[in-house]
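These notes concern the structure reproduced below.
The values are calculated or read from the model by the stated rules, or taken from the named source; none is laboratory data. In this text, all values refer to a predicted model and were calculated from it rather than measured experimentally. Don't worry about glycine lacking a Cβ; one is built from the backbone with ideal geometry, like all the others, and counts go over all protein chains shown. In case anyone asks, the SASA skips ligands and DNA or RNA and just uses the protein heavy atoms, side chains included. Shrake-Rupley method; radii C 1.70, N 1.55, O 1.52, S 1.80 Å.
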Amino acid sequence: MRLKVDLWDVGQGDCSVVHLPDDQLFIIDVGPPDSMLPSWLDARPKLGIHSLVLTHNDADHAGCAMDILQRFHSRLKNFIFVDDRSFGESRATSQLLAFGARLHRERRINMIRMEAGADPQPLWGFDGGLSSRSIIYALYPDVAATVANLHGRKDAKPNEVSGILCLDVNGKTEVIWAGDASMQTVARVCSNRQPIVIVGPHHGGPIKRNQASFAPSFEDPSPNNVFVSVGTSNQHNHPVKNFIDQHRKRKRKVCCSQLVHCDRRRVKAGKHLMNNHLSLAMLPPKSARAVTCRGPMQLSWSAEEKAFEFDRFHQLHMESLAQVGNPYCRPCD
């Protein structure tokens with residue numbers, strides 16, 4: 001079974017591309033408006049897109065979604081979105097969803113609202129026998145959360161119903177995409193899971209950090225690795241040190257795509273720690289201010305080992321941290 005997961009470095013935004021066994025793509029978030037994803041897709045005209053999924057409608061996750069819908073809808077099967085308050089409050093989101101709805105009416109794509117039920121239904125599935133069964137599905141938001149966000153609160157925000165998705169292989173959750181959800185929500189809906197990687201949430205600065213329930217929410221799920229998609233020049237103080245420390249205390253490896261706080265001299269000099277985008281067949285960020293730390297991450301399914309394997313830069317990143325002034329993600333003793 002050929003199954004590969006690309007976690008992109010798009011700066012302050014999220015973008016993941018899952019390469020499916022049938023040579024189609026399953027895209028989870030697309031990054032900000034200047035994302036490199038459209039150019040990457042343009043260079044691969046033979047690849048179909050099984051699904052384009054937006055965990056929510058903020059610009060750092062859905063910034064170039066309209067461009068992708070307009071240019072590549074002939075290659076796209078499903079457009080899966082979360083219904084949040086920004087549909088009526090953001091002109092860009094309204095235009096995006098209106099265009100998607102038009103394509104749906106014309107039977108050119110399937111437009112699907114993401115809502116998880118008690119028994120989550122696969123958004124994609126592959127059955128290659130006992131050794132290669134895999135599915136992607138949503139665990140959040142559910143109907144209750146969506147209704148409350150749309151109708152129950154005047155101050156509701158997209159993060160309250162940010163989608164949470166999982167990739168399972170042979171009955172085990174391997175990757176969790178947490179979007180911009182709170183750690184408390186992730187803990188509640190993803191309990192009893194030990195993924196190889198969890199993406200986020202919220203660029204290492206999840207909401208509801210000041211609540212007493214924040215620290216306990218790191219106990220479960222229990223990932224081996226955490227990928228933080230964060231931009232060097234972000235103005236939100238991401239990633240938050242307490243977020244990284246909570247994972248470090250539990251002996252987890254944390255990787256940030258770009259350098260932010262850990263080495264200001266290196267950031268000022270524009271000195272990348274790693275430069276692995278093209279080696280992993282991904283494009284580097286367009287921003288000249290981006291300073292790479294881990295950069296992108298790639299996972300490939302090994303049929304022999306029956307497990308995901310990291311790209312060759314994973315161990316090198318850990319060794320290279322000695323060059324960083326004060327790495328937040330330094331291993332615990």
- Message: Going by Cα centres, the stretch 134-211 and the stretch 15-87 are how many Å apart?
- Response: 19 Å
- Query: To the nearest 20 debye, what charge dipole does the chain have about its Cα centre, counting +1 at the Cβ of each Lys and Arg and -1 at the Cβ of each Asp and Glu?
  - Reply: 700 debye
- Contact order relative to length of the chain, as percent, for alpha carbon pairs under 8 angstrom and 6 or more apart: 15 percent
- Message: Under the rule a/c < 1.5 gives rounded, and otherwise a/b versus b/c splits prolate from oblate, where does the stretch 1-50 land using the Cα gyration tensor?
- Response: oblate
- Item | Tail weight of P(r) past 28 Å, computed on alpha-carbon pairs of the chain, percent | 37 percent
- Rounded to one decimal in Å, the inverse mean reciprocal Cα-Cα distance for the stretch 187-305, i.e. its Kirkwood radius, is 15.5 Å
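Between exposed GluC sites (Glu not before Pro) in the chain, where DSSP calls loop and at most 16 other Cβ atoms lie within 10 Å, what's the longest gap? Please list the in-between numbers first.
On the way: sites that count: GLU106, GLU219, GLU304, GLU305.
Answer from the scan: 107-218.
Report, to two decimal places, the Cα Rg of the stretch 236-327 normalised by 2.2 N^0.38 Å (N = number of residues).
Relative to the 2.2 N^0.38 Å estimate, the stretch 236-327 comes out at 1.17.
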- Message: Just to be sure I understand the model, the point goes 7 Å from the Cα along the line to the Cβ. What's the resulting ARG264 to LEU47 distance in nm?
- Response: 3.9 nm
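Leaving out ligands, DNA and RNA, and with a 1.4 Å probe, what % of the accessible surface on the chain is carbon or sulfur?
48 percent
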- Task: For HIS19, tell me the accessible area in Å² from a 1.4 Å probe, rounded to the nearest 10.
- Result: 30 Å²
- Could you give the Stokes-Einstein D for the stretch 40-87 in µm² per second, using the C-alpha Kirkwood radius, 37 °C, 0.692 mPa s? 285 µm²/s
- Query: Which whole number in µm²/s is D for the stretch 109-212 by Stokes-Einstein, with the Kirkwood Rh taken over Cα pairs at 25 °C and 0.890 mPa s?
  - Reply: 167 µm²/s
- Item | Computed label-point distance, nm, for sites LYS4 and ASN326 using a 7 Å Cα→Cβ extension | 3.9 nm
- Would you kindly state how much longer the chain becomes between ASP67 and HIS104 on full extension, computed as 0.36 nm times their sequence separation minus their alpha carbon distance, in nm to one decimal? 11.7 nm
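Can you tell me what share of the DSSP beta bridges in the chain is antiparallel? A percent to the nearest 5 is fine.
Details: 34 of 59 bridges.
For the chain, the DSSP antiparallel bridge percentage is about 60.
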- Please report how many Lys pairs in the stretch 138-288 have alpha carbons closer than 22 angstrom, counting only residues at least 8 apart along the chain or sitting on separate chains. 13
- Message: Keeping all protein chains in the complex and leaving out DNA, RNA and ligands, what accessible area do you get for TRP124 with a 1.4 Å probe, in Å² to the nearest 10?
- Response: 20 Å²
- Can you give the three extents of the C-alpha atoms in the stretch 1-134 along their principal axes, from longest to shortest, in whole Å? 47, 36, 30
- Query: Given 25 °C and 0.890 mPa s, how large is the Stokes-Einstein diffusion coefficient of the stretch 173-224 in µm²/s, with Rh as the Kirkwood radius over Cα pairs?
  - Reply: 228 µm²/s
